[in-house]
Amino acid sequence: MANEGLEYTDAALRAAHCWFGVDRVARDVATTAWKRRARLRQAQWRAARGFPMGTHPHGGGPDASAVGSRLELAFAQQAGVNFLTAGALATVRQRLAAPERFQMLKEDRLWADLLSSMPMCFNLFGDLAGDAAAAQRAVRAWWPDAPSGPVQVRFEHSPGRRDPAFLGNQSAFDVAFEIDAGADTRAIVGVETKYHEHAAKEAPPKPVALGRYVEVTERSGVFVDGWREHILGTDLQQIWLDHLLVLSMLQHPSQRWRWGRFVLVYPADNPSFVSAAARYAALLANRSTFAATTIEALLATRGALSGEGVSAFRERYLG
């Protein structure tokens, strides 16, 4: 990949306003290198097109600092250039016009953060939201074992944030493909996308929430014995919580969802998620509700995506 040879010396990063300590992952040289290359790539993509540089914080101000991997916020909101196709931009506007209760969608990051996986998700899947036939073809190409039927594409979606019938938290899918499976039932493919991020350790859930998470985990029957010590308080915990959202839907009293899968999507060159996905899969006795795949594999799947958006996506994010 072209990213492999991308120069990211300290001097190059500083010159591009891309030198940030947050990109350093302790004791993980490979992931640190990936994060620095990814940030620099976005800054170079912006600079090559003459788009104005953004800041931290996004709104600017006397104490703001320049960030090469961001767009100037007012410009980004007006021009919509964080999105690679007209379809993706239209999907963003439609989603913002239809907020979900308790959503955590950050609009400044969506419009102006070139590095964020949130706008990347719209760039990858946004064209499908406006084309029902294309969405159905893509789902069949990527997940041929899923039930067939019309597909609705929902971004930053949860079946019920803070609803105890699910997980009682604010978990959401970056994008969800909801399939009409007939007889008033649904199938769900819930997707989490990663780009520049790494799998980071988290504090274990508080006891008041953990009880529900353990209930869903044990009822699912898909985890190996001893799963707790490998997940709670580790870098796999967030993957587990996203997976649990699908499992809670399959266990919902309404019995509305009769098939489901959580899919983790990441770049092939992101070593943190390559490792995390493999380690998480090893904790599953039954993997039918979980899949991990690379962005490159999705783009290469015959019959899934086509058009100028694919080439533009590869150029911007993958090199």
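Only the coordinates and a few stated rules stand behind these numbers; no lab work does. As the structure is a prediction and not an experimental result, all values here were calculated from the model. Because the Cβ atoms are built from the backbone with ideal geometry, glycine has one as well, and the counts that use them run over all protein chains shown.
Using Cα-Cα distances under 8 Å and only pairs 6 or more residues apart, what relative contact order does the chain have, in percent? Can you show the working numbers first?
Details: 528 pairs, mean separation 51.7, N = 319.
Relative contact order comes out at 16 percent.
Rounded to the nearest 500, what is the 222 nm mean residue ellipticity of the chain from helices alone, with -39500 (n - 2.57) per DSSP H run of 4+ residues and division by all residues? The partial results should precede the final answer.
Details: 13 runs with 130 residues, N = 319.
After summing the helix terms and dividing by residue count, I get -12000 deg cm²/dmol.
Please arrange 28, 235 by how many other C-beta atoms lie within 10 Å of their C-beta, fewest to most.
Values: 28 15, 235 18.
With the sparsest Cβ surroundings first, the list reads 28, 235.
Near residue 106, which lysines are there with a Cα under 24 Å away, not counting those fewer than 8 places off in the same chain?
35, 194, 201
Could you give the distance between the Cα centres of segment 136-167 and segment 251-287, to the whole Å?
The distance from the Cα centre of segment 136-167 to that of segment 251-287 comes to 14 Å.
Which residues in segment 251-285 place their backbone N less than 14 Å from a point set 7 Å from the Cα of residue 152 along the Cα-to-Cβ direction?
Within reach of a label on residue 152, which here means backbone N under 14 Å from a point 7 Å along Cα→Cβ, segment 251-285 contributes 256-257.
Looking at segment 160-201, which trypsin sites (Lys or Arg not before Pro) are in a loop (DSSP not H, G, I, E or B) and have at most 11 other Cβ atoms within 10 Å?
On the way: sites: 161, 162, 186, 194, 201; in loops: 161, 162, 194, 201.
For trypsin sites (Lys or Arg not before Pro) across segment 160-201 that sit outside H, G, I, E and B with at most 11 neighbouring Cβ atoms in 10 Å, the list reads 201.
Let me know the charge dipole size of the chain about its Cα centre in debye, to the nearest 20, where only the beta-carbon of Lys, Arg (+1) and Asp, Glu (-1) is charged. Kindly include the intermediate steps, with their values, before the conclusion.
Details: 36 positive and 33 negative charges, 11 e Å.
For this selection, approximately 60 debye.
Rounded to the nearest 5, what % of DSSP beta bridges with both residues in the chain are antiparallel?
On the way: 19 of 32 bridges.
Bridges in the chain that DSSP calls antiparallel: roughly 60 percent.
About the Cα centre, and with charges only on the beta carbon of Lys, Arg (+1) and Asp, Glu (-1), how big is the dipole of segment 2-71? Nearest 20 debye, please.
Working: 11 positive and 6 negative charges, 30 e Å.
Dipole magnitude for segment 2-71 comes out near 140 debye.
Listed highest first by mean packing, meaning other Cβ atoms within 10 Å per residue, what order do 282-293, 103-114 come in?
Working: 282-293: 15.6, 103-114: 18.4.
Ranking the peptides 282-293, 103-114 by packing returns 103-114, 282-293.
Among 85-94, 210-219, what's the highest-first ranking by average C-beta atoms within 10 angstrom per residue?
Numbers: 85-94: 18.2, 210-219: 15.6.
So the order, starting with the most tightly packed, is 85-94, 210-219.
Kindly put 153, 29, 310 in sequence by how many other C-beta atoms sit within 10 Å of each C-beta, fewest to most. Mind showing how you got there, number by number?
Numbers: 153 22, 29 10, 310 18.
Least to most surrounded, the residues fall as 29, 310, 153.
Mind checking which of 67, 32, 48 is farthest towards the positive end of segment 2-71's charge dipole, using Cβ charges of +1 (Lys, Arg) and -1 (Asp, Glu) about the Cα centre?
48
Relative contact order of segment 2-71, please, whole-number percent, based on alpha carbon pairs below 8 angstrom and at least 6 residues apart.
31 percent
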